[in-house]
Structures are given as C-alpha cells and as structure tokens.
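Participant: Below is a structure I'd like to ask you about.
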Amino acid sequence: MLVFAVETSCDETSVCIIGNNKKIYSHITYSQEEHKKFGGVVPELASRAHLQIIQKISKNALIEADIDIDDIDIFCSTCGPGLIGGLLVGSTFAKSLAIGSNKPFVPINHLEGHLLSTTFNNKVEFPYISFLLTGGHTQIYLIKSVNNYILLGETLDDAVGEAFDKVAKLLKMSYPGGPEIENKAKLGNKSAFKLPHPLHKNKNLNFSFSGIKTAINLIVCKQKNIDEKFISDIAASFQETISKIIESKILFTLDYLKKRKINISQISLVGGVAANQFIYEKAKKISHDHKCSIIMPPKYMLSDNSAMIGWACIQKYLINEFSNLYFKANPRLTIKDNL
C-alpha cells in the first residue's frame, strides 16, 4: 500500500511517499525562509509559499521514488490544527490528486501525526505517555492504542516552542529560535538568572510559559550591555528552567497514573522541541530513575513533516478503511474531533 502524504500546517511544505512496509520512497520538506526577518510565521506569506512550491516538490517526490501517480493507493494531508491558509492549500491539493486518481482521501490530525510518529521506529508498549512539545502545542497524552488518546494536561498560554521563538526574538536571534538558544546555552551559565517556574506549586499536569518570556523581557530591557556572555547566560537559564518544568511534569504524570493504578514503562517525546538534546538528556535521566524508558521518533519526524502524516494515515486506514473528501480543514482541530 502506497500513501502520498502532504503537510502544510505551518511554514514547512512537505510531501512524502511511504509504504505500509515502513519504506519511505521519497520525503521532501521545504522550509520557508520568508519569515526569518519577521521573527515568526506570517500566515499570508506561508500560504502563498505553499502554493508556489507544492506542485514542484510533489513532482520531484514522484521522480525520486520512481513511482507513477497512478500507483498511489491513498492520498492524505494534514487537515488541522494549524494555519487555515496552509491547511487549505495542502488539503485541496491532496484531495484533487485523489479525485483525479479515483483513490481514497484520508484527513489527518497534525497532533495525531506527532503522537503516532514514535511507533514508526519503536516497539511500543501500550499504554504509554506522550509529551507533545511543538511550536503550537504543549500537551501530555496517555496513549492507550491507535485512535484512543486521553489528554492529561496542556499549556494554558504559550506553547513551549513558541516560548523558545519569543525569547530568541528578544535576544535578537534568528527564527526559528530553538536551535539558536540551544547553541548559545552551551556557553552560558544556567544559574545566572533565576526565572519563574509557573504552576510549580499547583502540582497539576498543565503548563504555562508566558511568565518566563515576560521575566526575560524585563531582564533584557534593564540590561545596558547585551553582549555574547549575557545572551549565553540568558539562553542557558531559560533552557534550564524549561527542562525543570518538563521534569516536574514527568514526575507529576507518573504519580497521577500510579494513583490510578495505570502502569507505564515508556515516555514518548515528540515535536520539534524534543530535538533539544539538553532537554532530552534531563528527561531521560529522571525517567530512568523511575524505571521508564524515553522513546522518540526518527529525527526527521520531530519537526513538521509529511512522513509522520503518511504513517498516521497507514495505521488509521488499516484499522478502519475510510475516505472523506468532504472533511473541512479546521485550524482548531483537536484529538477528540472525529476524522
């Protein structure tokens, strides 16, 4: 079974041809450069950029895979959540290909794509916990099986990836901010600045990151000499604070499940922020101390990509064959919404 997958929920235009044998025949992702000068994604520019590149990389994907469009069995695309312009470009394009080929079209939830990405290269043991750490979402899920996800906690304001980008912008770093902050933090003193740890006393499973950004903004505004040492120290302190927040949520989640006699042995980290090696090592240590292992998807499935969308499509289609050409793109789509 061959799946042609499209991902255009934000500022990556991505297409993938993937088989149910886990073979990726081609996977092309174009990262838009248009947004760097703005320090964040401009929705209108993003949708225009998707329109300009999607046909070209789709043709290249077919050539690279040495596959004819008629050989594709299923077409799918991200239909939410995300920026509505991008979602419409990707879903309309994939639906058109499905109609032209007289093949099924399967709408895919972007969040579910992330959650199921770990099952591509790991032998998972249900149930397990998944920490979704992206630019648009920060959530904790109990994964009981494919199509069975329970939301345990989420951010009350900014997503963790959004916090990285906003702090990077305050420090005059380029977009996206995550890799920049991680590199600068290697040279900084993580104890240089004491930053707030929102909701720490609440001991619940929700997150809050806007207060950290505000605290750093106040520090930056008061600083007369913003040199490399200052930037590295702020970056290190910020990264340390984020890692401590994630560590505390891992502990709270394990305690929450233990009280309900739900045993898990695996903790999944997915999304772009999971690529941060410092955060990964901290999470790995605390999980190991509690007899749990950290599992992650391949690196190319961490940030927004079409391979995870295609893989999610395969798993969902094998369970319940369905096609829905009339599904409308939904920028606020949640895991609970029926696809």
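Participant: So which of 11, 70 ends up being acidic (Asp, Glu) and out of contact with any strand residue (DSSP E or B) (no Cβ under 8 Å at 6 or more places or on another chain)?
Facilitator: 70
Participant: Of 97, 87, which residue is in contact with a strand residue (DSSP E or B) (Cβ under 8 Å, 6 or more places away or on another chain), closer than 30 Å to residue 170 by Cβ and at pLDDT 95 or above?
Facilitator: After applying the criteria, what remains is 87.
Participant: Which condition number does residue 183 fail, the rest of (1) surrounded by 14 or more Cβ atoms within 10 Å (Cβ to Cβ); (2) within 22 Å of the chain's Cα centre (by Cα) being met?
Facilitator: (1)
Participant: Still on this structure: Of a type outside the set (A, V, I, L, M, F, W, C) and without any contact (Cβ under 8 Å) to a residue 12 or more places away in the chain: which single residue out of 222, 213 fits that description?
Facilitator: 222
Participant: Looking at residue 66, is it of a type outside the set (A, V, I, L, M, F, W, C), out of contact with any Ser or Thr (no Cβ under 7 Å at 6 or more places or on another chain) and touching a residue at least 60 places away in the same chain (Cβ under 8 Å)?
Facilitator: When the stated conditions are applied, residue 66 does not pass them.
Participant: Which is of a type in the set (Val, Ile, Thr) and in contact (Cβ under 8 Å) with a residue 24 or more places away in the chain, of 42, 3?
Facilitator: Every option except 3 fails the conditions.
To keep it simple, each residue is scored yes or no on (1) in contact with a helix residue (DSSP H, G or I) (Cβ under 6 Å, 6 or more places away or on another chain); (2) assigned by TED's automatic domain parsing to the domain that holds residue 311; (3) of a type in the set (Phe, Trp, Tyr); (4) assigned to a helix (DSSP H, G or I).
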| residue | (1), (2), (3), (4) |
| --- | --- |
| 10 | no, yes, no, no |
| 30 | yes, yes, yes, no |
| 33 | no, yes, no, no |
| 53 | no, yes, no, yes |
| 61 | no, yes, no, yes |
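Participant: Mind listing whichever residues of region 203-218 are aliphatic (A, V, I, L, M) and exposed (fewer than 13 other Cβ atoms within 10 Å of the Cβ)?
Facilitator: Of everything in region 203-218, just one residue is aliphatic (A, V, I, L, M) and exposed (fewer than 13 other Cβ atoms within 10 Å of the Cβ), namely 218.
Participant: Follow-up. Run residue 270 past the list (1) surrounded by fewer than 17 Cβ atoms within 10 Å (Cβ to Cβ); (2) touching a Pro at 6+ places or on another chain (Cβ under 9 Å); (3) of a type outside the set (Ser, Thr, Tyr); (4) at pLDDT 95 or above and report the number of the one that doesn't hold.
Facilitator: Going through the list (1) surrounded by fewer than 17 Cβ atoms within 10 Å (Cβ to Cβ); (2) touching a Pro at 6+ places or on another chain (Cβ under 9 Å); (3) of a type outside the set (Ser, Thr, Tyr); (4) at pLDDT 95 or above, residue 270 breaks only (1).
Participant: Restricted to region 8-41, and to residues that are of a type in the set (Gly, Ala, Ser) and either surrounded by fewer than 17 Cβ atoms within 10 Å (Cβ to Cβ) or more than 20 Å from residue 98 (Cα to Cα) (or both), which residue is modelled with the highest pLDDT?
Facilitator: 19
Participant: Separate question: Only one of (1) in contact (Cβ under 8 Å) with a residue 24 or more places away in the chain; (2) more than 24 Å from residue 144 (Cβ to Cβ) fails for residue 291. Which number is that?
Facilitator: Looking at each condition in turn, residue 291 falls short on (2).
Participant: Something else now. Can you pull out every residue in region 239-292 that is of a type outside the set (Val, Ile, Thr) and assigned to a strand (DSSP E or B)?
Facilitator: Of all residues in region 239-292, those of a type outside the set (Val, Ile, Thr) come to 239-240, 243-244, 247-249, 251-252, 254-261, 263, 265-266, 268-269, 271-272, 274-278, 280-285, 287-292.
Those that are of a type outside the set (Val, Ile, Thr) and assigned to a strand (DSSP E or B): 266, 268, 269.
Participant: Give region 195-238 a look and list any residue that's closer than 17 Å to residue 159 by Cα, part of a helix (DSSP H, G or I) and among the hydroxyl-bearing types (Ser, Thr, Tyr), or say none.
Facilitator: Passing the criteria: 210, 214.
The values are calculated or read from the model by the stated rules, or taken from the named source; none is laboratory data. Treat the numbers as computed from the prediction; the structure is a model and nothing was measured. Please note: Cβ atoms are built from the backbone with ideal geometry, for glycine as well, and neighbour counts cover all protein chains shown.
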